[in-house]
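Trainee: Can you keep this structure in mind? I'll have questions shortly.
The values are calculated or read from the model by the stated rules, or taken from the named source; none is laboratory data. Since this is a predicted model, take the numbers as computed values, not measurements. Cβ: placed from backbone, ideal geometry, glycine included. Neighbour counts: every protein chain shown.
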Amino acid sequence: MISVEVEGNKREFASRRYIDNKWLHEQVDNRKKDGKRVCVQVVIDLPQGDISLHTPDCTGTGGRPPEDWEEETVDLWKKHKLSSSDFNAGDLIAFLWQASK
């Protein structure tokens with residue numbers, strides 16, 4: 001299961017094959033075109049457990065150092081620029097596809 005929340009709008013996808021690219025582009029890229037900050041929160045069910053990540057423009061989200069088994073996913077998050085405000089829907093989609101193999 002993959003859960004994606006963009007500015008309070010939440011969608012759940014049974015697997016990466018069901019990710020709604022159009023919805024993600026509308027939610028992320030349209031807001032960015034309007035000059036708005038975009039908060040994206042992602043929860044992915046992995047064999048070791050759930051991992052929850054968020055972009056920097058989210059407020060009120062706590063954090064903790066990643067567990068060893070989470071490091072690969074966190075590195076992938078960073079690789080796709082999701083740890084900065086300079087990301088787009090394509091970066092998010094690529095991350096979701098790679099992280100939920």
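Trainee: Could you please give the count of residues in segment 67-82 that are surrounded by 15 or more Cβ atoms within 10 Å (Cβ to Cβ) and in contact (Cβ under 8 Å) with a residue 12 or more places away in the chain?
Mentor: The total comes to 7.
Trainee: How many of the residues making up segment 1-25 are in contact (Cβ under 8 Å) with a residue 12 or more places away in the chain and of a type outside the set (V, I, T)?
Mentor: Of the residues in that region, 14 qualify.
Trainee: Working only within segment 83-101, note down all residues that are crowded, with 19+ Cβ neighbours inside 10 Å and outside any helix (DSSP H, G or I).
Mentor: F87
Trainee: Taking D57 as the residue in question, decide whether it is loosely packed, with under 13 Cβ neighbours inside 10 Å and either touching a residue at least 12 places away in the same chain (Cβ under 8 Å) or over 23 Å from Y18 (Cβ atoms) (or both).
Mentor: Here the answer is no, as D57 does not meet what is asked.
Trainee: Okay, next question. Identify, please: which residue in segment 5-23 is within 14 Å of N88 (Cα to Cα) and in contact with a strand residue (DSSP E or B) (Cβ under 7 Å, 6 or more places away or on another chain) and is, among those, surrounded by the most Cβ atoms within 10 Å (Cβ to Cβ)?
Mentor: Here the residue is V6.
Trainee: Same structure, new question: Taking the criterion of being modelled with pLDDT under 90 and out of contact with any Ser or Thr (no Cβ under 7 Å at 6 or more places or on another chain), would at least one residue in segment 26-35 satisfy it?
Mentor: No: zero hits.
Trainee: Suppose the filter is in a helix (DSSP H, G or I), modelled with pLDDT under 95 and either touching a Ser or Thr at 6+ places or on another chain (Cβ under 7 Å) or within 14 Å of V4 (Cα to Cα) (or both); does W77 pass it?
Mentor: No; evaluated as a whole, the condition is false for this residue.
Trainee: Further, regarding this structure: All but one of (1) at pLDDT below 90; (2) not in a loop (DSSP other than H, G, I, E, B) hold for G62, so report the exception by its number.
Mentor: It is condition (2) that G62 fails.
Trainee: Follow-up question, since we're still on this one. Looking only at residues in segment 32-47 that are of a type in the set (D, E, K, R) and within 18 Å of S83 (Cα to Cα), which one is surrounded by the fewest Cβ atoms within 10 Å (Cβ to Cβ)?
Mentor: Checking each candidate, the answer is K36.
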